[in-house]
Amino acid sequence: MSGNSINSKDFQKALQVGRPPNITKLFPNSKALIVSGRFIDRGMIAKGKAVTIAANGRSLFVIRGALKAAQRANASIIIEIARSEGGANAYCAVNFWNIARQVDAVCNELGITVPVAIHADHYGIKKESELALAKVEIPSMFEAGITSIAIDASHMPDDKNLNANIELRPYIPDWAGLETEIGEIKGKEGLSTKEEAVFLIAGLNAHNIFPDWIALNNGTTHGIEESAQGIQVGLTSEIHEAISKYHVSGAQHGTSGNSSDRLREIAAMTRTTKANVATALQMISWGLEVNDYGNAILDGEKNFIKVKDQGVSEDMWNAMLSYAKERGIKGGDFKKLNLPFENRLLGQEKSVRDRMSKRVEDFAYNMLVSVLNAENTAPLTIEAINDAGSCDPGPKIRRIENPDDWTPDKIKEKAAAIDSDKGSKGNFDD
């Protein structure tokens, strides 16, 4: 593949061989290059020191804006929704079971030709009793068009986290992108350690499970970042080096609120290829005033500042404020406005809808090109698809651990020897 543009012949070939079976069944006549998350990771690795956005599609406006940004940047992208956002108890209208249909429709409408993965983020398992539901629900999500998933059992002790990943692997298609996690995302508390990471990844390897990404608690938070702590680049790099022989890439959670310089360091100094962006895109689509890295700016009374003639209409914003006030919704909990207001937002006049998605597009484009070094990764991803000649590039590594060292008893024994601080208990969902 020559140059940085997507060759039409290469695109058509990738469209024929790269779409996984659930996507070809759901959208047999589609021209959207919806692929496994594995290929998105491969495209970033091929460029080197490149990270793409995993845009949390809390609304159709975010989905449209993020896809347009990716096309403009010629970058592969991930559109995702977390279990808290789009699961059975969702606070968004976009969910695990309709996100693929929305992404496919937008890609075809707008002529999007860059590769896109559809990721189920933070599929949380907080206790072993939840595994039974997961074994039913996860297949239903892939039947609805998911192409990548994050199993997040980090809320449980290390041995139970590993065992949950092992137990759920048979319910995930072999071709799908896979993310695993250590440490709940809770800021400076309960920071992840390299011992935890090595334990989880080595144990999975012994069971023939090869995650594409690992997410850490490396000092950031979900939602509105209120401290200067943020992502700890040094800790992230140290953990990534400790597991480098397993060829697992990093997934950076809680990107909103971290400075562009810090995110550039994550791209340049760690093995990260995926950066989740959720709250920033939501706030930007609504037309709120944000700083240069997407964190909402508050006035002296801790209220959001609406930019006139940006995002939602002024009348709609006043309605959103009234709804929030009546229900005592403040700060980061404004995310709960997504579900009750999505249809009302879709019913606004076209110029307002367009400016909502355009604001997301401009922010996401800048992140892809100027911060995360993801520009022109789309052709590299397409090249990886065509080289594989299928919807599955296969794992980046084979088993190197001895399964005899990772029996249930030995897993429990190894976990007991890990000295780690999980931080305070609480609800740390996205």
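Quick note: the coordinates plus some simple rules give every number you see, no bench work behind them. If you're wondering where the values come from, they're calculated on a predicted model, not measured in any experiment. Every residue, glycine among them, receives a Cβ derived from its backbone with ideal geometry; neighbour counts consider all protein chains shown.
Quick notes on this one:
- Using distinct alpha-carbon pairs, which all enter the 1/r mean, Kirkwood radius of segment 123-182 in Å: 11.5 Å
- Ranked by how many other beta carbons lie within 10 Å on average, peptides 326-332, 377-383 from highest: 377-383, 326-332
- Cα gyration tensor, segment 45-197 - rounded (a/c under 1.5), prolate or oblate: prolate
- Sparse-neighbour loop sites [trypsin sites (Lys or Arg not before Pro); segment 43-108; at most 16 other C-beta within 10 Å; DSSP]: none
- The ellipsoid equivalent to the alpha-carbon distribution of segment 19-61 has semi-axes of 23, 16, 8 angstrom, derived from the gyration tensor eigenvalues as √(5λ) and listed largest first.
- For segment 318-430, the extents of the C-alpha atoms along the principal axes are 62, 45, 26 Å, listed from largest to smallest.
- Applying 1/(1 + (r/R0)^6) with r as the Cβ-Cβ distance of Asp419 and Asn89 and R0 = 45 angstrom yields a FRET efficiency of 0.80.
- Residue exposure sequence - His122, His253 - by fewest surrounding Cβ within 10 Å: His122, His253
- In plain terms, the chain from Thr24 to Leu110 could stretch by 29.0 nm, reckoned as 0.36 nm per residue minus the Cα-Cα distance.
- All-pairs alpha carbon distance profile, segment 8-389, 10 Å steps from 0, percent: 5, 26, 35, 25, 8, 1
- Computed extension length for Lys350-Asp409: 15.2 nm, one decimal, from 0.36 nm per residue of separation with the Cα-Cα distance subtracted.
- DSSP bridge analysis restricted to the chain gives an antiparallel fraction near 10%, rounded to the nearest 5.
- Once the chain from Glu238 to Lys194 is taken as fully extended at 0.36 nm per residue, the excess over their C-alpha distance is 15.1 nm.
- Inter-site label distance for Ser129 and Glu314 at 7 Å from Cα along Cβ, in nm: 5.2 nm
- Proximal aspartates and glutamates to Lys302, defined as alpha-carbon separation beneath 20 angstrom and excluding residues fewer than eight positions away on the same chain: Glu225, Glu226, Glu289, Asp292, Glu314, Glu326, Asp333
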